[in-house]
Amino acid sequence: MASSLLAIVLVISSTRGHHYVFSYPPDPQRKQSHKQSEPTSSENVYGIAWRQQQHQQQNEQQQQHHDSHSQFEGRDSIFGIDTGFLADALAPKSPLRDRKFQMTIDDLTFVGHPISLTADDHQQQAQQQPSQQKKWQSNDDGNGHRRTSKGSNPAVDDSHSSSHITQFHVVFVISPPDLELNNQVDILYDHIIKRYTTALRYEQLRCEYVKREADKVLAIKEEATNHGTPYSQVMLSILAESSLARDIKHIFTSLSSNSIAHVIVNDFIDLSLQLPVVGNQQKLSMMLQYPGATNPVNESVASIYVGAYEYDKYPVLCPYHTLLLLEDPEEVLKSMPLDSNPTLVQLVQILTPTQNLQELHLLLDCSLAQIYRLAAHLIYWRKAKLIHPIHARNVYAISPVAKMENFKELEADFKSHVPGLDLPTLLSELSSTRPLYMITPSKELRQQYCVAIMYLLRFDLVIQLHMYLVLLPIPKEVSPTSTSDDQLGSSPTDDWLKRFASDKAPREVADLFQRLVPYLNGRHPMDEIVFREGITRKQLSLVLKYYADYIVTLYHYAN
C-alpha cells in the first residue's frame, strides 16, 4: 500500500472558482510498471475528456519539462495532466460531496472526501469566531492542547484571498495493481482520508484554517509566477509558510515509509494516522473480541477532537495473552500525549511479557475489558504486539519471515541488549525445536535467555510454536468394560468415557482427562487449556503421561 501512494493534492472551490492549491511531492512520477491503456468501464467521463485534451499537448509539455532553472516548473501540470483540468475534475458538484470520491485516469486513482461548506456553515463559523479567537490566543485550551498565537493572524493580503470557500478536497493519488485497487482504496479512505478531512473541516469552521492556508499558498505561487521563480524555491517557501502544506508533506512521507503520521492540525487537533499493518502475531483481519465488547462508535469531529480512536480491526485478545512493547518503555511514554489515560501510563510502566493480561488487570485494579482497550490501543499504534507470555517451557523457532540481510548490524545490536549471549549460537540452538529450558545451560542463565527471546520476538526473528493436542479414536477392545458399540473419539457416552479414563490412570488424573476431552481436537493451544480449566502445566503433563498412547502432540506457530 505504501508503495502505491504517489501524491497528495489539495484543491479548493470558492466564489472565484476552482483552485489547484498544492501537491506533494513536488514532481511525482507514475509507476513505470503500469501500462497506459484505453478508458475502461471504471474510468469516468473526466478521464475520457482528459485524453482528448492531453494527447494534443503531451509532446510539447514533455519537451518543456525541466528545461530551465528560471521556469516555475510543475506549475501547470502533474503526472502530465493539466492542473486547471484537475482542479475542475476534483471539485464535484454538491450531490457528490461529503462522501467517498474516487476517479480513475489511466493508471492513476484519485481518492478523497470532498468537504462541502454551505452558507449555514459560514454563518455558524462567523458566530463562533469571536469566542474562539480569544481562546485561540491563549497558550492552553484547558484540555492540555498547547498552541501558539499564530493561528489567529490573517494569512495573506486580501488581494490574494480565495474569498468564501465552498468546498475543499484533499486527494490521495495511488496506483495499485488492479486486483488490489478496491481494497487499497477502502483502507486509505477509512484509516486516513476520513479522519484527516474531518479534522480539517472542524478547523475550517472554527477559524477558517483551510482558507487561510490556501490563501498563503496561492499568494506565494502568484508571486513566483510573476517573477519566474524556480519551482524548487517555490516549494521551500510554501513549506516554510504553510503548516497545512507541511502536514501534507509529513503525511505523504510517513505513509510512504509505512510509519505513523503524527500531526497537530493548526496547533489544535492532535491526530495520528497510519495504514494498518498485518504481522505474524497481529492479524488485523480479526475483530477485537472480549466479554461485553460493543460495536465501535462512528467517528465524528468530537471524537477526533478529544483524541478518541476508531478501533475496527484487531487481533483476538484473550486473558492468557500478554503484550510485548516494540520500544523501550521510556520511548513509548515520551510519544504519548500529556493528557493520556493514567491507567495506560501505568500499564506501560509495569508491563512485562512474562505476565498475562489477567494478572495485569489485577495489578492495575481495573476491569479486564479496560485492559483489552488499552492493549488494543498499544497494538494499533504499533507500540506493542500480542504474544503469549514468555516462559522457559515454551518452544521458540526461527521465524519464516525473519530478515537476516544485515546480520552483522543485527548481531552487534543484539550484543548491546543481551551481553554474554552469542546470536548465531542461540539461533542454532532454537533450530532444534526444544523448550527454552532445555537449551539453557543453567538455571542461572534462564532469565538472560528470556530477555534474548524478548528481543528476538520484538523484531520478528523468532516465533513461538504452540502445542496442540489431538485425541485419537480408540478401538472398543481397549477398555474391557466397554460395550460393543462404544468407541472413544467418535461419540463416547459419559459412562464409557469414565470407565475408560479410570482404567488408565489414578482417579484425579482420570477426572482431569475427562474435563479436557473437549479441548483435544487440535484447535486449542496449551496456554488456553491451562487458563480455561485453571490447572497447571504439571497437571496437564500428568494427563499426557498416562494417556500418551491416545493423545497426539502437535506444534504449530499459529496464535
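Nothing in this text is a laboratory measurement; each read-out follows from the coordinates by a stated rule. Predicted, not measured: the structure shown is a model, and the values here were computed from it. All Cβ positions, glycine included, derive from the backbone under ideal geometry; neighbour counts span all protein chains shown.
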Checklist outcome for this item: In whole Hz, the Karplus estimates of ³J(HN,Hα) for the range 373-378 (6.51, -1.76, 1.60; θ = phi - 60°; x where Gly or Pro) are 4, 5, 5, 4, 4, 5
Checklist entry - For Arg393 and Asp339, what is the calculated FRET efficiency with R₀ set at 30 Å and r taken between the beta-carbons, to the nearest 0.05? => result 0.10
Checklist entry - If you count, for each residue, the other Cβ atoms within 10 Å and average over each peptide, how do 346-352, 264-270 line up from highest to lowest? => result 264-270, 346-352
Next on the checklist: Once you place label points 7 Å from the Cα toward the Cβ at His164 and Lys415, how far apart are they in nm?
Outcome noted: 7.0
Item to check | Phi to ³J(HN,Hα) by Karplus 6.51 cos²θ - 1.76 cosθ + 1.60 over the range 434-445, Hz, x for Gly, Pro | outcome: 10, x, 4, 5, 7, 9, 7, x, 8, 4, 5, 8
Item to check | ³J(HN,Hα), Karplus 6.51/-1.76/1.60, whole Hz, each residue of the range 356-361, x for Gly, Pro | outcome: 7, 5, 4, 5, 5, 5
Checklist entry - With labels modelled as points extended 7 Å from the Cα through the Cβ direction, what inter-label distance (nm, one decimal) is found for Val470 paired with Arg246? => result 6.0
Checklist outcome for this item: Stretched fully, the stretch from Gln447 through Glu359 gains (0.36 nm per residue minus C-alpha distance, one decimal, in nm) 29.7 nm
Checklist outcome for this item: Quick calc: nm separation of the 7 Å Cα→Cβ label points for Arg434 and His227 -> 7.4
Item to check | Relative packing of peptides 497-506, 399-408, 12-21, 441-450 - highest average C-beta neighbours within 10 Å first | outcome: 12-21, 497-506, 441-450, 399-408
Checklist entry - Working out 0.36 nm times the residue gap between Thr15 and Asp503, then minus their Cα-Cα distance, what length gain in nm do you get to one decimal? => result 166.8 nm
Checklist outcome for this item: Pairs over 21 Å Cα to Cα, from Lys385/Lys443; Lys100/Lys385; Lys31/Lys93; Lys334/Lys383; Lys93/Lys216, come to Lys385/Lys443; Lys100/Lys385; Lys31/Lys93; Lys93/Lys216
Checklist outcome for this item: Ordering 101-108, 545-552 by per-residue average of other C-beta atoms within 10 angstrom, highest first, gives 101-108, 545-552
Item to check | Long-range HN-HN contacts of Thr166 with modeled amide H, under 5 Å | outcome: Ser13, Ser14, Thr15
Checklist outcome for this item: Long-range amide H partners of His466, meaning residues 5 or more apart or on another chain whose placed amide H is closer than 5 Å, are His556, Tyr557, Ala558
Checklist entry - Working out 0.36 nm times the residue gap between Leu544 and Lys31, then minus their Cα-Cα distance, what length gain in nm do you get to one decimal? => result 178.9 nm
